[in-house]
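Right, one structure below, let's go through it.
The values are calculated or read from the model by the stated rules, or taken from the named source; none is laboratory data. Everything numeric here is computed off the predicted structure, so don't read it as measured data. We place every Cβ from the backbone using ideal geometry, glycine too, and count neighbours over all the protein chains shown. For accessibility, only protein heavy atoms count, side chains too; no ligands or nucleic acids. Shrake-Rupley method; radii C 1.70, N 1.55, O 1.52, S 1.80 Å.
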Amino acid sequence: MLASFHSSANQLYSALSYAQNYKIAITPYTVTLTVGNTTTVLQACNAPTKVGTAITVPVSSISINQDAVLGFVERLNKQSLIAAIGSQYATSSCTQTKPATGSAQISFGSSGIDVSRAILSEQSPLAQGEWLLFFDAFFGFTGNSVQTFGSVVSQYKCLQGKVNAYKTANAAVANALPIAVISAADLTTNTVVAPQNAKFWSTLLQDAGAVPLISGDSSSFQNLAHAADLIFDTTVEGTVSYDILLWNKIYGLNPQTPGYNFLNGFKSQIWRFDHIADEGHNDFYQSSPAQPELLLADVISILSQKYFGVNFENQWTRNLAYSAGYKQVNQTCPSAFTLYYNGAYCTDSNVFAPDFGRYYNPTGIPLANQVTVTTLAGGVVGGIVGGVLVGLALIAVAVWYIGRRRSLAGVDKTGQSPFAWVKDAIAGRRFATLEEEGISGGVADRIEAVHVNRETNAIQGGALGSDSAGRVNASA
């Protein structure tokens, strides 16, 4: 009860550490919760003096009719007290059989206690997660929220610490962090718009080890996308089935469009937070606010896949480029809330290191397609230029040598320049004779490689949207 809890309550709740959108004040038998201009007073059932307008706690039943509530109730192991829940909010296995309507002591949403907007407008995952204390007040603080949230912060900070270690070690390295563009679309007009609560998304991606860039409209998206290593589309899709074809239509790009680092066929990096759904309703907005450490792990697993390994299954993130479908909620309800993320990745010896991007191996040599002249030191550029000149000189010597041999063998006219045969070969389209007359087969091999690559791209382009093709490419 609140009376027995109060001995440590003032110290624990005197000031919230992260949440900005609610306040909590505790006296020996009451808790006052303030959200915006609305104040709710809770009173312990054993209070000696009753306050007429106060809600007696612990409550015996609740109904849920808005986003962002369900996850907190389940994390407190109070799902058995849900008397009713709207179908669009029942996105967990334990709510599948709950009625959509019914009487309850208190209701969140539908003219009851309104908290959804306040939770989802918090500017960091930990700020959202700290609402666990708010909900536990309705259960007389019997949901162990203080210890649970302490564990949440510990796990989140542990993951963040591994990311920060990488940042510190590579602070002087250009392009050491992947660039993530955060975007959104209005699916009623199919236009690019500014993401809702961009600060939240920016904080999450920064904590996960990315450099976040916010897109405001179609024009800014096109400008930023050229620098992006991956895209996080935060569109609120409602019941619309959001797939790669719809994304192509809205953004005017497809996985084969050249000039964008994040586009690479089925290996493109176009991510969303809508993996789990039930009858078209997204679980992300129901469950993720109560599990900030799992949300951070989800994003880190994208940026540093080797860190988590193949056994880690993304909870809410989905890559549109894989043509990945939604994961439907199962019907089996566990006896108690179980975390999908168990914290083991904070106690092992693995280190965070981005797996992709233009420069994801800062302690080694940049990949060939990740080097730009603008980011290279003068000495490196000089070395490249020198190498090119030496290569051209060797080619010139080889061409002169072949011309000389042709002249001595009587193949070319007497007195003809040793270099003239190249013009004749081009005019006669006799590329095959290069290897026959002494040039290394490398040139012919490279020409063949170009043709093979074009054919491969054509095959991938034609297979776009095919789940089976996506699986084949993903396993390659």
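Things worth noting here:
- Just one of (1) touching a residue at least 40 places away in the same chain (Cβ under 8 Å); (2) within 30 Å of VAL329 (Cβ to Cβ) fails for GLY36. It is (2).
- Residue check, PHE149 touching a residue at least 12 places away in the same chain (Cβ under 8 Å) and farther than 24 Å from GLN206 by Cα: no
- Scan segment 73-88 for residues that are touching a Phe, Trp or Tyr at 6+ places or on another chain (Cβ under 9 Å) and either free of Cβ contacts under 8 Å to residues at least 60 places away in the same chain or not charged (D, E, K, R) (or both) and the total you get is 5.
- Filter result for SER183 (among the hydroxyl-bearing types (Ser, Thr, Tyr), open to solvent by less than 10 Å² (accessible area, probe 1.4 Å) and either at pLDDT below 95 or farther than 27 Å from ILE85 by Cα (or both)): yes
- Some residue of segment 165-180 being over 17 Å from the mean Cα position of the chain (by Cα), open to solvent by less than 40 Å² (accessible area, probe 1.4 Å) and within 30 Å of ASN21 (Cα to Cα): no
- Selection over segment 286-342 of residues that are open to solvent by 40 Å² or more (accessible area, probe 1.4 Å), part of a helix (DSSP H, G or I) and modelled with pLDDT of 75 or more gives a count of 2.
- Against the criterion of being open to solvent by less than 50 Å² (accessible area, probe 1.4 Å), touching a helix residue (DSSP H, G or I) at 6+ places or on another chain (Cβ under 8 Å), aromatic (Phe, Trp, Tyr) and outside any loop (DSSP other than H, G, I, E, B), TYR156 qualifies.
- Subset of segment 191-227 [crowded, with 16+ Cβ neighbours inside 10 Å, in contact (Cβ under 8 Å) with a residue 40 or more places away in the chain and in contact with a helix residue (DSSP H, G or I) (Cβ under 9 Å, 6 or more places away or on another chain)]: VAL192, PHE200, THR203, LEU204, LEU205, ASP207, ALA208, GLY209, ALA210, PHE221, ALA225
- Wholly within segment 169-275, strands (runs of 3 or more DSSP E) carrying at least 2 residues that are aliphatic (A, V, I, L, M): 179-186, 191-193, 211-214, 230-233
- Number of positions in segment 90-130 that are within 25 Å of THR56 (Cβ to Cβ), out of contact with any Phe, Trp or Tyr (no Cβ under 8 Å at 6 or more places or on another chain) and open to solvent by 20 Å² or more (accessible area, probe 1.4 Å): 12
- Scanning segment 134-149 for residues that are assigned to a helix (DSSP H, G or I) and open to solvent by 10 Å² or more (accessible area, probe 1.4 Å) returns VAL146, GLN147, THR148, PHE149.
- Condition broken by ALA228, with the remaining ones in (1) modelled with pLDDT of 85 or more; (2) within 30 Å of LYS98 (Cβ to Cβ) satisfied: (2)
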